[in-house]
Amino acid sequence: MFVLREALIGLKRNGTASMISIGVMFFSLLLLGIFLIVTFNLFGVIKIAQSKVEIDAFLVDDIDSTAVKELKGKIEKIVGVKSVEFISKEQALKEIQEELKDVPDLLEALETNPLPPSFRIKVEEGYNNARDISDIAKKIGMFKEVEDVKYGREWVPRLDKLVKILFLFDILVGFIISIASIYVTSNTIRLTVISRKESIEIMRLVGATDRMIRAPFILEGIIQGMIGGAISAGTLYGLYILSSRFVSYYFPQNYILAGLVLFGMLLGYIGSRNAVKTYLTGGEI
Amino acid sequence: MIEIKNVSKVFQKNWYALRDVSLKIEKGEFVFIIGPSGAGKSTLLRLIYMDILPDMGEVIVAGYSSNTIRRHEIPILRRKIGVIFQDFKLLKDKNVYENVAFALEVTGTPRRKIKELVLKALADVGISHKRNAFPYQLSGGEQQKVSIARALVREPFILLADEPTGNIDPEGSKEILELLKEINTKGTAVVMATHQVDLIKYFPRRVVKIEEGRIVEDTGVRP
Ligand SMILES: Nc1ncnc2c1ncn2[C@@H]1O[C@H](COP(=O)(O)OP(=O)(O)O)[C@@H](O)[C@H]1O
Ligand SMILES: [Mg+2]
């Protein structure tokens, strides 16, 4: 009760500084929120793209069904292979016909079926990266019935890299805005500490504990973070509502909104604790 | 109750604010600490409420020794010591009632007890009628009464007064001194530092005289 009242008085007394502090917090958290959403959605796209990464193993033309069965069993045993689907010559042709149905003349010109039978191989989630896929493809290519192996060679490593860069960028942005928010909050709380020097002196004199003396300042920082976080969450939600008319994307609203408020409170807490530690270690004792 | 044993305090190199001071103050005593400005009176009082620790020697207050007291024990000790100053140290944005209540709030007194204790303390110093006034609306003497009420609200065993009449006119000063006497007769020890030697004649009690950081005279307990 006392702590809350003093914290609110502190906020009001240093109105301008508090406002700046809340403003910086708001801007930082908004930026972080936007970044998180962009990342979320790019991750989503990448996930879908990655799940489509397949290995095609083209087989010798005259392979018989027992050999197919045997080979299928062998490939399924390779570590990281999720599923193996046999595509016969006829099926392959049908698929091509399906894809090229707008240009039927091209296929009618064919007299014999030139397509080889093949296996379509999917890999398990944990092996969905450039190195593992290339390893698996190499192993498959070693069977003598396999003529050729193809997979999304070019874009698998690129996807990989993109995920990593995105992740690093997120961490970097998160780090920078955290430092900025903590610094500004710390500075605002420092001003409050200075403006309440007399009150602190009296508290010491009458036997208030260190914890009691510090609590209002800490709370003040947390409230600043909470307000900054709430405003940024509200703004982000508004932006989502507006933009969702034009583009549809994934917006995990509960996590994002609660996350921003909580993160703001955490930054406010760290900032004010830092200020109190630096400027409130009073006296000789 | 208070024992100061061979205490020295050095703020700056080779400059002793106090030098080898020994002093014993018993329960319920009234002691004047006199001496010219800069003699070391405030330093002595600060050592008693452990605002500072001695560089040499030992200060023992209510069983706590300056050599062994822990940081978190100091607030506990302070709750049993009342301190008042020349400049009152009242909070300007709080009224009389709130200033006294503040001392209880920040030490975790239950809300329902605060009102009762504050009103009693204000009545004891005779300032109840001004409980809604702000410090700037009060005379120096009245402000000092408020600060005394704040010091007494926890019923300390000792009241330390550092030049309590320094900013008050002679009439008001006598009134404050009367109040301190009254508080003392109810059992609270009072240690009053002052350089206004004329005040002592109104109330002959034990006088400890300090000059340049040394005790030069101690009359001992007077009835
Ligand atoms: N915090 C301090 N830093 C440096 N010197 C101090 C400090 N406090 C007191 N002194 C010095 O210690 C001496 C005693 O001061 P003080 O106890 O305040 O005297 P009094 O209260 O008798 O006027 C003075 O010379 C003063 O300048
Ligand atoms: Mg002094």
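The values are calculated or read from the model by the stated rules, or taken from the named source; none is laboratory data. All of these numbers come straight from a predicted model, not from anything done at the bench. Ideal geometry is used to build each Cβ from the backbone, glycine not excepted, and the neighbour counts take in all protein chains shown. When the accessible area is computed, the model is the full protein with side chains, heavy atoms only, and any ligands, DNA or RNA have been set aside. Shrake-Rupley method; radii C 1.70, N 1.55, O 1.52, S 1.80 Å.
Counting only other chains, what is the mean number of Cβ atoms within 10 angstrom of the Cβ of each residue in peptide B:97-106?
Values: counts 0, 0, 1, 0, 1, 7, 6, 2, 9, 15.
That average works out to 4.
FRET efficiency for residue B:129 and residue B:37, Cβ-Cβ distance as r, R0 = 30 Å, nearest 0.05? Spell out each step's value before the answer.
Working: r = 35 Å, r/R0 = 1.18.
That gives a FRET efficiency of 0.25.
Applying a DSSP loop filter and a limit of 14 other Cβ atoms within 10 Å to the trypsin sites (Lys or Arg not before Pro) in segment B:89-167 leaves B:92. Partner shielding of B:72-84 amounts to 3, given as the average count of beta-carbon atoms from other chains within 10 Å of each residue beta-carbon. When the pairs B:27/B:80; A:69/A:138; B:41/B:94; A:139/A:164; B:89/B:209 are compared against a 22 Å limit on Cα-Cα distance, B:41/B:94; A:139/A:164; B:89/B:209 fall above it. This model, with +1 at the C-beta of Lys and Arg and -1 at the C-beta of Asp and Glu, gives chain A a dipole about its Cα centre of some 2100 debye. For segment B:148-223, the list of GluC sites (Glu not before Pro) that fall in a loop by DSSP and count at most 16 other C-beta atoms within 10 angstrom reads B:212. Screening chain A for DSSP H helices whose Cα atoms reach 27 Å or more along their own axis and whose mean Kyte hydropathy is at least 0.5 gives A:15-51, A:155-195, A:210-243, A:253-279.
Charge tally for residue B:91 (other residues, Cβ to Cβ under 15 Å; Lys, Arg +1; Asp, Glu -1): +3. Calculated accessible area for segment B:1-152 comes out at 46 Å² per residue, all protein chains present (probe 1.4 Å; ligands, DNA, RNA ignored). When chain A is treated as a Gaussian network with alpha carbon springs shorter than 10 Å, the biggest mean-square fluctuation among A:233, A:92, A:275 belongs to A:92.
Spatial offset of segment B:110-176 relative to segment A:17-96 amounts to 78 Å, using the alpha carbon center of each.
Under 1.5 on a/c is rounded, so check that first for segment B:9-64, then, if it is not, pick prolate when a/b is larger than b/c and oblate when it is not; a ≥ b ≥ c are the square roots of the alpha carbon gyration tensor eigenvalues.
On the way: a/c = 2.19, a/b = 1.33, b/c = 1.65.
Judged from the Cα gyration tensor, segment B:9-64 comes out oblate (a/c at least 1.5, b/c at or above a/b).
Partner shielding of A:209-220 amounts to 2, given as the average count of beta-carbon atoms from other chains within 10 Å of each residue beta-carbon.
Just in segment A:1-72: which trypsin sites (Lys or Arg not before Pro) are loop by DSSP and have at most 11 other Cβ atoms within 10 Å?
On the way: sites: A:5, A:12, A:13, A:47, A:52, A:69, A:72; in loops: A:52.
The qualifying sites are A:52.
Rounded to the nearest 20, the Cβ-based charge dipole of segment A:54-151 about its Cα centre (Lys and Arg +1, Asp and Glu -1) stands at 640 debye. Shown are A:235, B:165, whose ranking by accessible area with a 1.4 Å probe and every protein chain present, most to least, is A:235, B:165.
Give me the percent relative contact order of chain A, please, defined on Cα pairs under 8 angstrom at least 6 residues apart. Write down the numbers at each step before the final one.
Numbers: 336 pairs, mean separation 85.9, N = 285.
Computed value for chain A: 30 percent relative contact order.
Taking all protein chains in place and a 1.4 Å probe, what share, in percent, of the accessible surface of the protein assembly as shown do carbon and sulfur account for? Carbon and sulfur: 58 percent of the exposed surface of the protein assembly as shown. Note on residue A:151: accessible area is roughly 40 Å² with a 1.4 Å probe, heavy atoms of protein only.
Using the Kyte-Doolittle scale, find the helices of chain B whose mean hydropathy is at least -1.0 and whose Cα atoms extend 15 Å or more along the helix's long axis, counting only whole DSSP H runs. Don't skip to the answer; put the middle values down first.
Numbers: long enough: B:111-124 (20 Å, -0.29); B:140-152 (18 Å, -0.34); B:170-185 (23 Å, -0.53).
Those that pass (Cα extent of 15 Å or more, hydropathy at least -1.0) are B:111-124, B:140-152, B:170-185.
With both labels modelled 7 Å from their Cα along Cα-to-Cβ, the residue B:182 to residue B:15 distance reads 4.1 nm.
Taking all protein chains together and rolling a 1.4 Å probe, residue A:270 ends up with roughly 70 Å² accessible.
Roughly speaking, what is the stretch gain from residue A:135 to residue A:96, that is 0.36 nm per residue apart minus the C-alpha to C-alpha distance, in nm to one decimal? Intermediate results must be reported in sequence, preceding the final value.
Numbers: separation 39, 0.36 × 39 = 14.04 nm, distance 2.83 nm.
Length gained, residue A:135 through residue A:96: 11.2 nm.
Ordered by 1.4 Å accessible area with all protein chains kept, B:60, B:2, A:179 run largest first as A:179, B:60, B:2.
When the helices of the protein assembly as shown are scored as -39500 (n - 2.57) per DSSP H run of n ≥ 4 and the total is divided over every residue, the value at 222 nm lands at -17500 deg cm²/dmol.
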